[in-house]
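Take a look at the structure set out below.
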Amino acid sequence: MADDLAVQLVDGLNATYGVHPGHRAAHAKGVLCSGTFTPTPAAAALSRAPHLAGPAVRTHVRFSNGSGNPDVADAVRDARGMAIKMYLDGGATTDIVALSIPVFFSRTPADLVAFNAARRPDPATGGPDMARVGAFLAEHPETVPAVTAAVTHPIPASYATLEYHALHTFGFVDDADRLRYARYHLRPTAGPAYLSDADAAGCAPNYLAEELAERLGRGPVGFGLELVLASPGDPIDDPTAQWPDGRERVVIGRVDVVALAHDREVGDDVLVFDPTRVPDGITLSNDAILRARPEAYSVSVARRTSTAPTV
Ligand code: HEM
C-alpha cells in the first residue's frame, strides 16, 4: 500500500501534466536504448561495488523529456532525463537517474507537493499563475536555481549532447571501509550542442528520438561518468544545493549507448529506474527527496500498468 505522501507527489504531477494512461507520471516521453558501462581503474579505488571493478556490464539507458505529457513537442525549454540500469552478476541491477539541470527543485517531498500545487496550470488561461509561482519562490529561495535552469534550458541538438547530473549525494565505500561522499555527472563525448530558436522552430515534434536513431546508425553514443567528491562541509542531504567549483573530479567509467531497444518497454516487463537501488560499496545519503523516490515511482508504475515493478 503506497504511503500518502507518495500518492500526493504523483497526484501533483498528474494535476500539472494531465493523466495519460499507460505513461509515466513524469518523463512520459522517452527513448529506450541498450549499451554498456565500462569502469576505469580509478572507480575500484573509490568503491568496492561490483560494477566498478570491471569488466564492462550490459545496460539499458532511457533518455526522456521532463514533462508527464507524452505528446509534448521536443523543442521546449525543460529538463531532460537520462536513466541508466546496469545489469550485475546474479540478476541484480543498479540504477543511476539523472537530469540535465544542476540542482533539484525542493529539499523535502512536502515542499515538492507545495511547489507542484503552485505551478499547476490555471484553468482559465491554461498557463501557470505567475503570481502564485512568484509567492512560492519568495518563500522558497532554494527552488529558484532549479526553476531558472529549467525555464532557460537550452534546446538540445540531441539527447547525446547534454550533460546530466544525478543531483543526490551517494557514499562510496572502498575495500578498507573508507567512505567518501560524491555526486555523479555524465558528460557527453560529443560535447554540448544546442539549437538556436530559429532552428528549433523548424524541428519536428519528435526530432530528439529521430536524431538519436540516426546518430546510433553511425556508431555508439558515449558519456563519461564522473564523480565529484565532497569536501568537508558540503551539504550531502540537500539536492537544491550546488557545491562550490573546484572539487576533486574522478572519471569512473564510460557509458556507451549502442542501439535502440524495445525489449523492456512492452508487455508485462515493466522497466522502472530507482536511484536507491545500490549494491554493497555504495550507500544512500539521508536526502529526503532521494528517500521519497522509490515509493512515488511505484505509485506511477501502478497507475501506468497493472503489473508490479521489476528490476
Ligand atoms: C520526490 C521527488 C521526485 C518525484 C516525486 C519524482 C517523480 C517521478 C515519477 C513519478 C517518475 C515516473 C516513474 C515511472 O513511472 O517509472 C519519474 C521519472 C524520472 N525522474 Fe523523478 N521524481 C523525483 C525526483 C527526481 C530527481 C531528483 C531526479 C534526478 C536526479 C529525477 C529524474 C527522473 C528521471 C530521469 C525519470 C525518468 C526515468 C525513466 O526514464 O524511466 N526525479 N520521476
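Readers should treat all values here as calculations from the given coordinates under stated rules, not as data from a laboratory. Every value quoted in this text rests on a predicted model; they were computed, and no experiment measured them. Reconstructed Cβ throughout: ideal geometry from the backbone, glycine too, with neighbour counts over all protein chains shown.
Details
- Neighbour net charge for residue 127 - beta-carbon separation under 13 angstrom, K R +1, D E -1: +1
- Helical content alone sets the calculated 222 nm signal of the chain at -8000 deg cm²/dmol, taking -39,500 (n - 2.57) per DSSP H segment of four or more residues and averaging over every residue.
- Residue 53-residue 124 FRET efficiency (beta carbon distance; Förster radius 35 Å; 0.05 resolution): 0.05
- Each principal axis of segment 87-240 carries a Cα extent, and these read 59, 44, 30 Å when sorted largest first.
- Kirkwood Rh (inverse of mean 1/r, distinct Cα pairs), segment 13-67, angstrom: 13.8
- Fraction of C-alpha pairs exceeding 19 angstrom in segment 190-266: 62 percent, rounded to a whole number.
- If the segment from residue 265 to residue 144 were pulled out straight at 0.36 nm per residue, it would be longer than the present Cα-Cα gap by 40.1 nm.
- Cβ-based exposure ranking for 101, 282, in which fewest neighbours within 10 Å come first: 282, 101
- Sparse-neighbour loop sites [GluC sites (Glu not before Pro); segment 187-285; at most 16 other C-beta within 10 Å; DSSP]: 248, 265
- Contour excess over end-to-end distance, with Cα ends at residue 237 and residue 135 and 0.36 nm allotted per residue: 34.2 nm
- Each of the trypsin sites (Lys or Arg not before Pro) that DSSP puts in a loop and that has at most 14 other Cβ atoms within 10 Å breaks the chain; the longest unbroken stretch is 78-177.
- Most mobile listed residue (41, 188, 156) in the chain, GNM with C-alpha springs under 10 Å: 41
- Ascending count of other beta-carbon atoms within 10 Å, so fewest first, for 194, 17, 159: 194, 17, 159
- Cα-projected label distance for residue 251 with residue 78, points at 7 Å along beta-carbon direction, nm: 3.3
- For the chain, the alpha carbon positions stretch 59, 45, 42 Å along the principal axes, listed from largest to smallest.
- Cα→Cβ-extended label distance, 7 Å offset, between residue 189 and residue 218, nm: 1.3
- Relative contact order of the chain, defined on C-alpha pairs under 8 angstrom at six or more residues apart (%): 25
- For q = 0.09, 0.13, 0.15 Å⁻¹, Debye-computed log10 I/I(0) when each Cα of segment 1-137 counts as one equal scatterer: -0.38, -0.73, -0.90
- Two-decimal Rg to Rh for segment 42-121 - Kirkwood Rh, Cα set: 1.09
- Length released on extending from residue 108 to residue 174, taking residue separation times 0.36 nm less the Cα-Cα span: 20.8 nm
- Average Cα contact separation per residue, segment 161-245, under 8 Å, 6 or more apart, as relative contact order %: 36
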